[in-house]
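Visitor: Before we start, here is the structure in question, set down as structure tokens.
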Amino acid sequence: MSQLLHRSIIWIGLITLTISACQSTNIKKAYVGEKNISLAAPFPSTYKRLSSQAVLIKNTTLLTGTGKQINNASILLENGRITAIGNALDAPLDANVIDAKGKWVTPGLIDVHSHLGVYPAPSHEASLDGNEATSPNTAEVWAEHSVYTQDPQFTLALAGGITALQILPGSANLFGGRGVTLKNTPARTVQAMKFPGAPYSLKMACGENPKRVYGERKQSPASRMANVAGYRTAWIAAAEYNRKLDEYKEKKNKGEEVDAPVRNLQMETLGEVLRGNILVHNHCYRAEEMAVMLDIAAEFGYKVTAFHHAIEAYKIADLLAKDNVCAAMWPEWWGFKHEAYDMVEENIVMVSEAGACAIIHTDDAITIQHLNQEAAKAMAVGNKANYEISRADAIQWITLNPAKALGVADQTGSLEIGKMADVVIWDGDPFSVFTKAEKVFIDGALMFDRLNSDFQPVLDFDLGVLDPEGERL
Amino acid sequence: MSKLIQILALLLLCIFTSGIYAEDVLIKNARVYTISDLGTIDNGYILLKDGLIDRVGKTIDFEFDGKVIDATGMSVTPGLVNAYTHLGLVEIGAVSQSLDVSTEDKLFGPSFKIAPAINPASTVIPHNRLNGLTHAIVVPAPGHQLFAGLGAAIRLENTDSLIISESVGLFADFSSLGSKLSGGSRAATYAKIRQSFLDAQDYEKNIEKNRSGDWREYFLPLHDLEALLPVLNADIPLVITAHRVSDIRQLLKLQKEFNLRLIIAGASEGWLVADELASAGVPVIVDPMANLPRDFDQLAARLDAATRMHNAGVSLLFTGVSWRNTHSAYLVRQAAGSAARYGMPVTEAIKAMTLNPALAFGFADRFGSIEEGKTADLVIWDGHPLELLTRADRVIMSGKEVPMVSRSTRLRDRYRNLNTSYPPAYRK
């Protein structure tokens, strides 16, 4: 509310452009020996699913995330996975049977654009860790190294049914750094939250933010054309870095005596994008800029996985569909910048109807708690404009489609046999304003239960902070 | 000849009246949320005459030959009000030439009146209007000091007549922002507010000497002290942003000391002192979805705060959602739905974005409920008025249907079909 009430620069909150006092250091350290350039993943995920008894949820309405609604359905969660879906399932002997009559079940919700942990609450001088706004290319930084695991916003999002989320660096730079996909489970370390096997992402930013941040310092980029020159120059360097690395490996394989190239963190990230191992998530509002970014991707042989904040996606929905690029959008945020002026409330529906991958993202710690409501609003405006959108369609914008964009759709994002049991039981129609997430399962384990305080996690920040003997909420 | 004159006169009268008065309209078969003693009427009717609400009821027992709107399956509420916006003050946030919410000019403190900056041509107005928002409180933001200035009230019209009050309240900040603007301590903010009012009292007591330059110096300029007088005389409310329990209690003390019409905005921790707010008769402007512990003033923020305050008897005025309270100020409806989700009765949640703001700011004789004699500013919803799957079907202002068109719908229609021979620029 302080942001809402009495801040003429409220807009800045959204574009998350807080200048860090820290200086970035391009850590360049010479390593010798193949082991050191093998890119063996540092900071590996230590996430382990909690062991849990089997759960049979019966007599419920399922929105599968694959475009289907199944009434009077049952779903069985065993050993962390969805093992059966049907109209009349028998419960295994040890199963916890939940009669969910009148309730609805959906896949766990996924937000592809979040800054939880890197812009934690409370927000203050020392908590702003999301933007390394010291150089237009900071591909060497990783959002996970800023994540405050005790950010109380994580548990608020969990209470809204969020089971996985991508934490991204901010948009001050052309290359903001690596993003990370987390399971929304309370943990002592960020490694223990990292979604096992999820690919890394690279945050890129088009348009106003980079050119403003650096233009104001009389640095490049100060224009959109310099933004583009900046991307291309970096990709040329990354291609060269890859070439040298490949050359070295080839010689090494032939048994030649060669020194390993010097590692470069920035180039490692960019190089892995060019090899297709890191997914590009590109903050980009305007239609013509998105089209330019697609051409840059074609020039250097990488793929844009998703455009974020794609306010003008509806203008080029056909191009997005043709190139199989996702657009992550808001239902109605607009007007905070000129590139966010051409908002249409039907954007999500228009992109979806064009056959492209439409996603609703939040970029906001309040909206992330109500992602189902965002989908409902987008569905309502679409149907009022005579598009025919069902709940089964609309739920995909916040489940399967974001899972696709994060490269984890084979693991989560839909209610399908064999997938992770990331599941939400809603106490009613998830498209109703009166509905709350009642139970949230992650990998089959009950992580949140509105009806049982034993399953309402309290992060360290919330403990004893208002009342020494109580919790914040 | 006289016949011709009569006909001409009649014709002129028709043209004249149609320009001013709307055609009579009968809305029937609607679920009418009157937000008055009439309660909520199923299959009710509303008769609109001369731009005003003429009759409201259940059974139509009169002849009518004007325009009929059959609202079967639909509901009607008063036009929505967002009690805290910058509507008309900002077209694009990051475009300084279109941003007028605050001033850094030290010449203006409490006397900074925001109304002249309101732009009736803003695209933000039709966008909000077609989503059911008909009125808004337009507030200045603090620039260089804790007093932001005088706010306005508007009807969402694209004409100069949109301003219905140029001076609806004095806005100030006693949150972390206010502290920052007072040198870094909330104690200084408090002292400054109190001293400002003491000085204004002294100024008023010695007004003649002051005007002849024959009195003492004050830290506020005289025009700012003048601006405090209507607040001291309780002609307009002091609307002050505060969140922390201890801060709210300090403001309640000031209210008593100076007999102020106090409204607290924000009030993240207000639910902890709900009884005190209720017994002091202090209304609260709140965003029911603002549950983040955004700063150390707001640690007790929670989703059921609005409902808890309502249950304690506090009069609530809704705003929201979050910083979208201007460009999408109509989302106050989603915020009201959030309060209802946590137990606030539906009609009370609607009241907090219709009648309550009208009452708190002194417009309840004109809008805020569906009652005889009030301006016919209504929304016909295609479902439950708080539901997310519901949209405004028609918006009526002064008895006339508002075109459901905005820059945004124009863009939508232009790009609906991407396969056309000529570029989109040829589709208007």
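Visitor: Residues that are more than 30 Å from residue A:164 (Cβ to Cβ), modelled with pLDDT of 95 or more and touching a helix residue (DSSP H, G or I) at 6+ places or on another chain (Cβ under 9 Å): list the helices (runs of 4 or more DSSP H) wholly contained in segment A:190-287 that include at least 3 such residues. Outline the logic, then answer.
Guide: Numbers: elements: A:208-215, A:224-253, A:265-274.
Helices (runs of 4 or more DSSP H) meeting the threshold: A:208-215, A:224-253.
Visitor: Here's another thing I want to ask about it. Evaluate segment B:294-316: report whether one residue or more is among the small types (Gly, Ala, Ser), assigned by TED's automatic domain parsing to the domain that holds residue B:238, touching a residue at least 24 places away in the same chain (Cβ under 8 Å) and under 21 Å from residue A:431 (Cα atoms). Show your work before the answer.
Guide: At the first step, the residues of segment B:294-316 found to be among the small types (Gly, Ala, Ser) are B:300-301, B:305-306, B:312-313, B:315.
Adding the requirement that they be assigned by TED's automatic domain parsing to the domain that holds residue B:238 leaves B:300-301, B:305-306, B:312-313, B:315.
Pick out the ones that are also touching a residue at least 24 places away in the same chain (Cβ under 8 Å) and you get B:300-301, B:305-306, B:312-313, B:315.
Narrowing the set further to residues that are under 21 Å from residue A:431 (Cα atoms) leaves none.
Within segment B:294-316, none of the residues are among the small types (Gly, Ala, Ser), assigned by TED's automatic domain parsing to the domain that holds residue B:238, touching a residue at least 24 places away in the same chain (Cβ under 8 Å) and under 21 Å from residue A:431 (Cα atoms).
Visitor: How many of the residues in segment B:384-428 are over 30 Å from residue B:50 (Cβ atoms) and in contact with a strand residue (DSSP E or B) (Cβ under 8 Å, 6 or more places away or on another chain)? Lay out the reasoning, then the answer.
Guide: Initial filter on segment B:384-428 (over 30 Å from residue B:50 (Cβ atoms)): B:384, B:386-389, B:407-408, B:410-428.
Next, only the ones that are in contact with a strand residue (DSSP E or B) (Cβ under 8 Å, 6 or more places away or on another chain) stay: B:384.
Here the count works out to 1.
Visitor: Looking only at segment B:112-123, filter to residues that are touching a Pro at 6+ places or on another chain (Cβ under 9 Å) and in a loop (DSSP other than H, G, I, E, B); which one of those is surrounded by the most Cβ atoms within 10 Å (Cβ to Cβ)?
Guide: Filtering segment B:112-123 for residues touching a Pro at 6+ places or on another chain (Cβ under 9 Å) gives B:112-114, B:117.
This time we only want the ones that are in a loop (DSSP other than H, G, I, E, B), so: B:112, B:114.
Numbers: B:112: 23, B:114: 26.
Here the residue is B:114.
Visitor: Just name the residue that is surrounded by the most Cβ atoms within 10 Å (Cβ to Cβ) out of those in segment A:437-473 that are in contact (Cβ under 8 Å) with a residue 24 or more places away in the chain and part of a loop (DSSP other than H, G, I, E, B).
Guide: Residues of segment A:437-473 that are in contact (Cβ under 8 Å) with a residue 24 or more places away in the chain, as a first pass: A:437-448, A:450, A:456-462, A:472.
Remaining after also requiring part of a loop (DSSP other than H, G, I, E, B): A:443-444, A:450, A:456-459, A:472.
Working: A:443: 26, A:444: 24, A:450: 15, A:456: 16, A:457: 14, A:458: 16, A:459: 20, A:472: 19.
Step by step, filter segment A:437-473, then rank; the result is A:443.
Visitor: Next question, about the same structure. Among the numbered conditions (1) within 12 Å of chain A (Cβ to nearest Cβ); (2) under 30 Å from residue A:344 (Cβ atoms); (3) of a type outside the set (S, T, N, Q); (4) in a helix (DSSP H, G or I), tell me where residue B:126 comes up short.
Guide: Exception for residue B:126: condition (1).
Visitor: Which numbered condition in (1) more than 14 Å from chain A (Cβ to nearest Cβ); (2) not in a helix (DSSP H, G or I) is the only one that residue B:148 fails?
Guide: If we test residue B:148 against (1) more than 14 Å from chain A (Cβ to nearest Cβ); (2) not in a helix (DSSP H, G or I), just (1) comes out false.
Visitor: Do the conditions hold for residue A:287, that is, is it free of Cβ contacts under 8 Å to residues at least 40 places away in the same chain and under 28 Å from residue B:408 (Cβ atoms)?
Guide: Numbers: free of Cβ contacts under 8 Å to residues at least 40 places away in the same chain: yes; under 28 Å from residue B:408 (Cβ atoms): yes.
So residue A:287 fits the description; yes.
Visitor: Which one of these is more than 30 Å from residue B:96 (Cβ to Cβ) and within 11 Å of chain B (Cβ to nearest Cβ): A:318, A:323, A:259, A:342?
Guide: Numbers: A:323 fails: within 11 Å of chain B (Cβ to nearest Cβ); A:259 fails: within 11 Å of chain B (Cβ to nearest Cβ); A:342 fails: more than 30 Å from residue B:96 (Cβ to Cβ).
Unique residue meeting the criteria: A:318.
Visitor: Turning to a different aspect of this structure: Hand me the list of strands (runs of 3 or more DSSP E) wholly inside segment A:60-131 holding 1 or more residues that are under 21 Å from the mean Cα position of the chain (by Cα) and more than 14 Å from chain B (Cβ to nearest Cβ).
Guide: On the way: elements: A:69-78, A:81-86, A:96-99, A:104-107, A:109-114.
Answer list for segment A:60-131: A:104-107, A:109-114.
Visitor: Quick one: is residue A:339 in a helix (DSSP H, G or I) and surrounded by fewer than 23 Cβ atoms within 10 Å (Cβ to Cβ)?
Guide: Values: in a helix (DSSP H, G or I): yes; surrounded by fewer than 23 Cβ atoms within 10 Å (Cβ to Cβ): yes.
So residue A:339 passes the test.
Visitor: Which numbered condition in (1) out of contact with any Gly (no Cβ under 8 Å at 6 or more places or on another chain); (2) closer than 22 Å to residue B:168 by Cα is the only one that residue B:224 fails?
Guide: Only one criterion is unmet by residue B:224, namely (1).
Visitor: Assuming residue B:164 fulfils every condition listed in (1) closer than 24 Å to residue B:328 by Cα; (2) surrounded by fewer than 24 Cβ atoms within 10 Å (Cβ to Cβ); (3) within 14 Å of another protein chain (Cβ to nearest Cβ); (4) among the aliphatic types (A, V, I, L, M) apart from one, which condition is it?
Guide: Single failed check for residue B:164: (3).
Visitor: Also, I was wondering about something else. Taking the options B:48, B:80, B:87, name whichever one is modelled with pLDDT of 95 or more, aliphatic (A, V, I, L, M) and more than 28 Å from residue B:283 (Cα to Cα). Please lay out each step first, then the result.
Guide: Working: B:80 fails: more than 28 Å from residue B:283 (Cα to Cα); B:87 fails: more than 28 Å from residue B:283 (Cα to Cα).
After ruling out the rest, the residue left standing is B:48.
Visitor: I would also like to ask the following. (1) within 13 Å of chain A (Cβ to nearest Cβ); (2) among the aliphatic types (A, V, I, L, M); (3) surrounded by fewer than 15 Cβ atoms within 10 Å (Cβ to Cβ): which one isn't true of residue B:181, the others all being true?
Guide: (3)
Visitor: Residue A:418 passes all but one of (1) part of a loop (DSSP other than H, G, I, E, B); (2) without any contact (Cβ under 8 Å) to a residue 12 or more places away in the chain; which number fails?
Guide: (2)
Visitor: Suppose we keep only residues that are assigned to a loop (DSSP other than H, G, I, E, B) and more than 9 Å from chain A (Cβ to nearest Cβ) within segment B:411-428. Which one would you say is nearest to residue B:366 (Cα to Cα)? So that I can check it myself, show each step before the final result.
Guide: Of the residues in segment B:411-428, the ones assigned to a loop (DSSP other than H, G, I, E, B) are B:416-423, B:427-428.
With more than 9 Å from chain A (Cβ to nearest Cβ) added as a condition, the list becomes B:417, B:420-423, B:427-428.
On the way: B:417: 44, B:420: 49, B:421: 51, B:422: 49, B:423: 47, B:427: 41, B:428: 38 Å.
Residue satisfying both the conditions and the ranking: B:428.
Visitor: Further question: Of the residues B:365, B:413, B:377, which is buried (at least 20 other Cβ atoms within 10 Å of the Cβ) and of a type in the set (D, E, K, R)? Can you show your working first?
Guide: On the way: B:365 fails: buried (at least 20 other Cβ atoms within 10 Å of the Cβ); B:413 fails: buried (at least 20 other Cβ atoms within 10 Å of the Cβ).
Going through B:365, B:413, B:377 in turn, the sole match is B:377.
Visitor: Quick one: count up the residues across segment A:290-322 that are without any contact (Cβ under 8 Å) to a residue 60 or more places away in the chain and touching a Lys or Arg at 6+ places or on another chain (Cβ under 8 Å).
Guide: Qualifying residue count for the region: 4.
Visitor: Follow-up. How many of the residues making up segment B:268-312 are in a loop (DSSP other than H, G, I, E, B), more than 8 Å from chain A (Cβ to nearest Cβ), under 21 Å from the mean Cα position of the chain (by Cα) and more than 14 Å from residue B:340 (Cα to Cα)?
Guide: Counting residues in segment B:268-312 that are in a loop (DSSP other than H, G, I, E, B), more than 8 Å from chain A (Cβ to nearest Cβ), under 21 Å from the mean Cα position of the chain (by Cα) and more than 14 Å from residue B:340 (Cα to Cα) gives 3.
Visitor: Right, next: May I ask you to list the residues in segment B:300-320 that are surrounded by 24 or more Cβ atoms within 10 Å (Cβ to Cβ) and at pLDDT 95 or above? Steps first, answer last, please.
Guide: Restricting attention to segment B:300-320, the residues satisfying the condition of being surrounded by 24 or more Cβ atoms within 10 Å (Cβ to Cβ) are B:301, B:305-306, B:309-310, B:314, B:316-320.
Across segment B:300-320, the qualifying residues are B:301, B:305, B:306, B:309, B:310, B:314, B:316, B:317, B:318, B:319.
One line per residue, one yes/no per condition, for (1) more than 12 Å from chain A (Cβ to nearest Cβ); (2) of a type in the set (Gly, Ala, Ser):
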site	(1), (2)
B:334	no, no
B:337	no, yes
B:340	no, yes
B:353	yes, no
B:356	yes, no
B:363	yes, no
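Visitor: Another one. Within segment B:392-410, identify whether any single residue is assigned to a helix (DSSP H, G or I), free of Cβ contacts under 8 Å to residues at least 24 places away in the same chain and within 12 Å of another protein chain (Cβ to nearest Cβ), and answer yes or no.
Guide: yes
The values are calculated or read from the model by the stated rules, or taken from the named source; none is laboratory data. From a predicted model like this one, the values you see are computed outputs, not experimental measurements. Positions of Cβ are generated from backbone atoms using ideal geometry, with glycine treated the same way; all protein chains shown enter the neighbour counts.
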